[in-house]
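Reading through the structure tokens given below for one structure.
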Amino acid sequence: MSAQGERVSILVKLARGDMSQRAFGAELGVSSTAVQHWENGVSIPETKHLSGIAARAGYTLEQAQNYLECGDLPESDVVTQMTKQIKKLSFKQIVLIDRAVSDRLVAIAESAGR
């Protein structure tokens, strides 16, 4: 596997998280075979798909392209890291987070006297 193929594999796996290849492919509008080829370094995604992969992993298209060419993926701040993790969660897990955020917002509003 080429260095670029290895980087594509890492980026796709990061973006896919625990989603199945089929579900991830459906989200991007490609087959599960395409996702499998990317993860095995057999092929490189087209720019429109790379953009979706990058966004799902919490990066811009430019950052992903730079990573594929140079091997440098920028460190993300805490919020970006949290966003990446949230994108990988199941519906039930997102509902729990939504409930926690809602409770926090209510507490803030109540403490402000609203």
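The values are calculated or read from the model by the stated rules, or taken from the named source; none is laboratory data. Nothing here was measured: the structure is a model prediction, and the numbers come from that model. Glycine also receives a Cβ, built like all others from the backbone with ideal geometry; neighbour counts cover every protein chain displayed.
On inspection, ALA26 qualifies as more than 16 Å from GLN4 (Cβ to Cβ), modelled with pLDDT of 90 or more and of a type in the set (Gly, Ala, Ser). Say we look at region 40-61 and pick out the residues that are out of contact with any helix residue (DSSP H, G or I) (no Cβ under 7 Å at 6 or more places or on another chain) and modelled with pLDDT under 90; which of these is surrounded by the most Cβ atoms within 10 Å (Cβ to Cβ)? For region 40-61, the residue satisfying everything is TYR59. Scanning region 78-99 for residues that are surrounded by fewer than 10 Cβ atoms within 10 Å (Cβ to Cβ) and either modelled with pLDDT of 90 or more or within 22 Å of GLY52 (Cβ to Cβ) (or both) yields VAL79, PHE91, LYS92.
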